[in-house]
Amino acid sequence: MLSMRRPPSIIQFTKILGSLAKTNHFSTAISVFQQLQARGIAPNLFTLNIVINCCCGMGRMTLAFSVLAKIFRMDYQPNTVTLTTILKGLYLCGSVEKAVRFHDRVLAHGFHFNQVTYGTLINGLCKTGHTSAAIQMLRKIPRYGIAPNVFMYNTIIDSLCKDTLVSQAFHLFSEMLAKGISPDVITYNSLIFGLCLEGQYKEAIDLLSDMVLRNITPNVYTYNTLIDGLCKEGKIKDAKSVLAVMAKHGVKPDVVTYTSLMDGYCLVNQVNKAKYLFNTMAENKVFPNVQSYNIMINGFCKSKMIDDALNLFEEMRRKNLVPNTITFSILIDGLCKSGRISCASLLLVEMHDKGQPANIITYSSFLDALCKNHHVDKALVLFNMIKDQGIRPNIWSYNILIDGLCKSGRLKNAKEIFQDLSIEGYHPDVWTYTIMINGLCKEGLPHEALAFLSKMEDNGCLPNAVTYEIIIRALFEKGENDIAEKLLREMISRGLLQG
């Protein structure tokens, strides 16, 4: 087009820029615009709006403002689209305060915004965690001649529900109804999600009935939210009742529905029912995804059905489903817990080969398996190798290794690893101290254990019943009855033992 003797009008070039912007080829669109500028082809306001959108999409707000300056230099008047795009760009970059200041400055210059702009503003405030500011904006917009709409209310209600401020969300819901703004399926979905987060399942089911009474058709997301929440609480019977209502209203279960139910069955140790559900998915033309396989593999591993878990893993490969880090971590943990360390090692190698390096959770499973199978030296080598790879051990991995060393009578090494905790900036937790205290007591050193108990409390870590019981038993065995009885009274005063 540029090489033609008489290049087409800017309208044709703007169509190309618009297509590039819609497909997120922002840098290409800006490059094309620069070529137009170099050839002296003057842009119109539509062209410049598209370029501003591309700049915002790339997070290049300085460039977006320079294009806005160009609009003024060319004697164009920026329209609502121009200004709304810049507002949205500022939010995407996390510049919430700049966006609010820009809004106020634009209003002061006599420009006006529409419902779309304020919907964008409120959405941006909510998405960046400024829900209170979004509510204030909702209260202010009527003075600008803008009526709040269902989108604005939905955005704030959703944000409040995700922050577990469900009572505030219902207050806004009541306000909507009082103003004659009809809620839609999105409003109800957000409220049902919030109630499920709070464990208020009866209220969530009542709200589902309210939807139907208002002739608002629940969608698959509505039912999935309820089913998933109930399953996570182990309320499988209630979840199946919701599934029956779902079928009655002609809403077909999807992969999320089945996956939630499978997860629920696995949580209540009914892995065979989960397996049956998994096998019937395909009959209903619903195909398992990676998460579905992960849940089943995890269920099998927890039920010590390792061969079933491995078979599912192989099935994933046959179906060209790529196992993710979670899949490998679950299976490696299951293999380690069943003592099949060599098989777990092969999977670890495969993880690396597939570009999915193991994380500290996966390595901690190996550490645990090595320690429990009396391979403490190998566990120490692995622990140091993890650190050399730049992977930071967590408190769980430290506890595993310290426990393994103590149980192997390697108290000196355990103390060294314990000291390493503070060097690495970690604070020992109640189990770290309890493991060390148990190790000292087993070596017949209850007075050193008492010193650890004092150190524990000095560091603001309160001992639990297990900690006390270990020391008290060791003191009685050593004939230190007075100290043991004193600790017993301390336990009772702290409510850790009934008198």
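The values are calculated or read from the model by the stated rules, or taken from the named source; none is laboratory data. As the structure is a computational prediction, the values presented were derived from the model and not from experiment. We place every Cβ from the backbone using ideal geometry, glycine too, and count neighbours over all the protein chains shown.
See the values below:
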{"read-out": "Flag for L165 being within 30 Å of I227 (Cβ to Cβ) and crowded, with 19+ Cβ neighbours inside 10 Å", "value": "no"}
{"read-out": "Pick from the range 356-410, criterion part of a helix (DSSP H, G or I) and small (G, A, S), ranking: nearest to L445 (Cα to Cα)", "value": "G404"}
{"read-out": "Unmet requirement for Q419, which otherwise passes all of (1) without any contact (Cβ under 8 Å) to a residue 24 or more places away in the chain; (2) surrounded by 15 or more Cβ atoms within 10 Å (Cβ to Cβ)", "value": "(2)"}
{"read-out": "Yes/no for T28 being surrounded by 12 or more Cβ atoms within 10 Å (Cβ to Cβ) and more than 23 Å from F111 (Cβ to Cβ)", "value": "yes"}
{"read-out": "Selection status of G444, touching a Cys at 6+ places or on another chain (Cβ under 8 Å) and in the same structural domain as E480 (by TED's automatic domain parsing)", "value": "no"}
{"read-out": "Criterion (on the phi < 0 side of the Ramachandran plot, of a type outside the set (S, T, N, Q) and in contact with a His (Cβ under 9 Å, 6 or more places away or on another chain)) met by exactly one of L36, L87, L92, L48", "value": "L87"}
{"read-out": "Condition broken by R317, with the remaining ones in (1) of a type outside the set (V, I, T); (2) surrounded by 14 or more Cβ atoms within 10 Å (Cβ to Cβ); (3) at pLDDT below 90 satisfied", "value": "(2)"}
{"read-out": "Residues (surrounded by fewer than 17 Cβ atoms within 10 Å (Cβ to Cβ) and farther than 16 Å from G404 by Cβ) located in the range 430-447", "value": "V430, G444, H447"}
{"read-out": "Residue within the range 283-290 that is among the aromatic types (F, W, Y), more than 18 Å from L347 (Cα to Cα) and part of a loop (DSSP other than H, G, I, E, B) present", "value": "yes"}
{"read-out": "Spans of helices (runs of 4 or more DSSP H) in the range 411-499 with at least 1 residues over 27 Å from K387 (Cβ atoms) and in contact with a Lys or Arg (Cβ under 7 Å, 6 or more places away or on another chain)", "value": "446-458"}
{"read-out": "Pair list, Cβ < 8 Å and 6+ apart or interchain, from the range 71-94 residues that are farther than 14 Å from N114 by Cα and aromatic (F, W, Y) to residues that are part of a helix (DSSP H, G or I) and modelled with pLDDT of 90 or more", "value": "Y76/L45; Y76/L48"}
{"read-out": "Residue check, Q270 closer than 29 Å to D206 by Cβ, out of contact with any Phe, Trp or Tyr (no Cβ under 9 Å at 6 or more places or on another chain) and not small (G, A, S)", "value": "yes"}
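Yes or no, residue by residue, for (1) at pLDDT 85 or above; (2) of a type in the set (G, A, S); (3) within 30 Å of I141 (Cβ to Cβ):
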residue	(1), (2), (3)
S31	yes, yes, no
R39	no, no, no
G59	yes, yes, yes
S66	yes, yes, yes
M74	yes, no, no
T82	yes, no, yes
K88	no, no, yes
G94	no, yes, yes
